[in-house]
1. Which residue, of ALA76, ALA89, is surrounded by 15 or more Cβ atoms within 10 Å (Cβ to Cβ) and in contact with a Leu (Cβ under 9 Å, 6 or more places away or on another chain)?
2. Under the condition of being in contact (Cβ under 8 Å) with a residue 24 or more places away in the chain and among the β-branched types (Val, Ile, Thr), which residue from segment 89-109 is farthest from VAL168 (Cα to Cα)?
3. From (1) part of a loop (DSSP other than H, G, I, E, B); (2) at pLDDT 95 or above; (3) not aliphatic (A, V, I, L, M), pick out the condition that doesn't hold for ASP152.
4. Which count do you get for residues in segment 119-152 that are surrounded by fewer than 14 Cβ atoms within 10 Å (Cβ to Cβ), more than 16 Å from the chain's Cα centre (by Cα) and free of Cβ contacts under 8 Å to residues at least 40 places away in the same chain?
5. Going residue by residue through segment 111-120, is there one that turns out to be outside any strand (DSSP E or B) and within 26 Å of PHE61 (Cα to Cα)?
6. Quick check, is ARG106 open to solvent by 90 Å² or more (accessible area, probe 1.4 Å), in contact with an Asp or Glu (Cβ under 6 Å, 6 or more places away or on another chain), within 22 Å of THR142 (Cβ to Cβ) and not polar (S, T, N, Q)?
7. Given ASP112, ASP105, which one is modelled with pLDDT of 50 or more and either among the basic types (Lys, Arg) or under 23 Å from GLY132 (Cβ atoms) (or both)?
8. Considering only residues that are open to solvent by 50 Å² or more (accessible area, probe 1.4 Å) and part of a strand (DSSP E or B), look in segment 59-73 and name the one that is farthest from ILE115 (Cα to Cα).
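The values are calculated or read from the model by the stated rules, or taken from the named source; none is laboratory data. This structure is a prediction, so every number in the text was calculated from the model and none was measured. For neighbour counting, all protein chains shown are included, and Cβ atoms are generated from backbone atoms with ideal geometry for every residue, glycine included. Keep in mind that these areas ignore ligands, DNA and RNA; they rest on the heavy atoms of the full protein, side chains included. Shrake-Rupley method; radii C 1.70, N 1.55, O 1.52, S 1.80 Å.
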Amino acid sequence: MKKLTALIAMIMVVGVVGLSQAFACMPPSNSLPARARTSVAEETPKLESSQAAYEPAFKSFDRRDLAGRYASTATATFFDPTANRTQYATCIGIVTFDGRGHFIDREVHSYDGVIVRDEFIGTYTLSSEGHGRMHFVGENETYDYEFVVSNDLKEITYLVMLEVPGLVSNGTLKKQ
């Protein structure tokens, strides 16, 4: 019973302290003398017309901006319901963009420890906002990446777009 009484007393003290802090943060009342009141207009700084219309300048991107070699690293997980297990993959590689919408990708994969080397060619697009798509063509397979550029085109983050239930794969490209 003593603990319950102490708990109720503590709740009341916290409640009173909380209320007093809430009242301390309230704006001045209209019952104050006129010289003690401040209007909202007086408190808010005026923006000059050039500041009011300010929008940050965004760089506009173009496929010509994407040129050169990038180091690639990616991971993937795949849940195989037939085997009731998750499989893992890691990939590293070099992607070379030509600035005209084409690329070459040379990769080394580890699929649950099995090493596979691949080479792909492909095309890419890059929107003015920095969002793009890569279409890969390899021996007996094609697939796509959705990506975004960042850090003044020094880094690309991508998501592998394979319509395989249970597959999640993403990675980054970093300018060499």
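1. Values: ALA89 fails: in contact with a Leu (Cβ under 9 Å, 6 or more places away or on another chain).
Being surrounded by 15 or more Cβ atoms within 10 Å (Cβ to Cβ) and in contact with a Leu (Cβ under 9 Å, 6 or more places away or on another chain) holds for just one of ALA76, ALA89, which is ALA76.
2. Taking the candidates together, the pick is THR96.
3. Tallying (1) part of a loop (DSSP other than H, G, I, E, B); (2) at pLDDT 95 or above; (3) not aliphatic (A, V, I, L, M), ASP152 fails exactly one: (2).
4. Of segment 119-152, the ones surrounded by fewer than 14 Cβ atoms within 10 Å (Cβ to Cβ) are 119, 121, 125, 128-129, 131, 137, 139-142, 150-152.
Narrowing further to those that are more than 16 Å from the chain's Cα centre (by Cα): 119, 121, 125, 128, 137, 139-142.
Cutting the leftovers down to free of Cβ contacts under 8 Å to residues at least 40 places away in the same chain gives us 119, 121, 137, 139-142.
Residues flagged as surrounded by fewer than 14 Cβ atoms within 10 Å (Cβ to Cβ), more than 16 Å from the chain's Cα centre (by Cα) and free of Cβ contacts under 8 Å to residues at least 40 places away in the same chain within segment 119-152 amount to 7.
5. From segment 111-120, those outside any strand (DSSP E or B) are 112-113; that's our starting set.
Then drop every residue that is not within 26 Å of PHE61 (Cα to Cα), which leaves none.
No, that holds for no residue.
6. Values: open to solvent by 90 Å² or more (accessible area, probe 1.4 Å): yes; in contact with an Asp or Glu (Cβ under 6 Å, 6 or more places away or on another chain): yes; within 22 Å of THR142 (Cβ to Cβ): yes; not polar (S, T, N, Q): yes.
So ARG106 fits the description; yes.
7. Working: ASP112 fails: either among the basic types (Lys, Arg) or under 23 Å from GLY132 (Cβ atoms) (or both).
The unique qualifying residue is ASP105.
8. ARG69
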